[in-house]
Amino acid sequence: MSLFTYSCKDDNHVDSDTVSIMRDVTGSFTNANNYAFTQGINIASTDVVLVYKNVGNAWQLIPKMVYIPNSTGMPNNREFQYNFVFDSQNVQIRIDDQNFNLSTGLNSTEITQYLSNQTFRIVLVPANGSGQHAKQSAPVDYNDYNAVVQYYHLNDSNVPKTKAK
């Protein structure tokens with residue numbers, strides 16, 4: 001007589017019914033596009049939408065407030081926020097809460113640094129609204145891009161890239 005026992009419990013399990021999606025979008029914030037651009041992407045009602053801004057060799061979760069150093073000839077104490085909104089088919093990345101006129105309140109170096117050719121990574125992950133992680137507000141610290149990649153077993157070596165219109 002033999003006895004075979006198998007346990008399905010896996011504390012590191014991630015919802016495998018929802019496919020995580022990552023996409024990079026690069027665009028410029030201009031007066032002509034109202035300081036916003038949109039990326040088409042199908043978003044299930046069970047997805048969490050995360051957007052990260054490329055900052056050198058790292059990814060920083062937005063929304064994120066930006067405080068611009070004072071510069072001669074420009075308004076003082078300038079600030080704005082990189083932010084996003086989404087619906088079931090699009091993610092719009094935009095600048096919000098600015099306390100100065102973006103068309104006249106930045107010099108050319110600042111326009112290049114903060115508005116031109118900015119790259120963002122859209123990451124869709126399962127919401128875990130049911131199942132073993134339902135009691136937790138979030139199974140991983142979404143502020144930590146590398147922790148998100150590791151937790152959801154994402155391959156970020158070949159993320160599709162698009163240019164915003």
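The values are calculated or read from the model by the stated rules, or taken from the named source; none is laboratory data. Owing to the predicted nature of the structure, the values given are computational and were not obtained by experimental measurement. Don't worry about glycine lacking a Cβ; one is built from the backbone with ideal geometry, like all the others, and counts go over all protein chains shown. For accessibility, only protein heavy atoms count, side chains too; no ligands or nucleic acids. Shrake-Rupley method; radii C 1.70, N 1.55, O 1.52, S 1.80 Å.
Overview of values
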| quantity | calculated |
| --- | --- |
| With every protein chain in place, segment 18-165: carbon and sulfur % of accessible area (1.4 Å) | 45 percent |
| Sequence-separation-based contact order of segment 33-165, relative, with Cα cut under 8 Å and 6+ spacing, percent | 30 percent |
| Net charge of neighbours whose Cβ lies under 9 Å from the Cβ of K161, counting Lys and Arg as +1 and Asp and Glu as -1 | +1 |
| Mean separation of Cα contacts under 8 Å, 6 or more apart, over the residue count of segment 25-68: relative contact order % | 19 percent |
| 11 Å beta-carbon shell around M22, net charge (K/R +1, D/E -1) | +1 |
| For V49, residues with placed amide H under 5 Å, excluding near neighbours | none |
| Protection-proxy order for peptides 60-69, 75-84, each taking the mean of Cβ atoms within 10 Å per residue, highest first | 75-84, 60-69 |
| Accessible area of segment 33-95 divided out per residue, in Å², using a probe of 1.4 angstrom | 53 Å² |
| Radius 15 Å from Cβ of I41, net charge of other residues (Lys, Arg +1; Asp, Glu -1) | +2 |
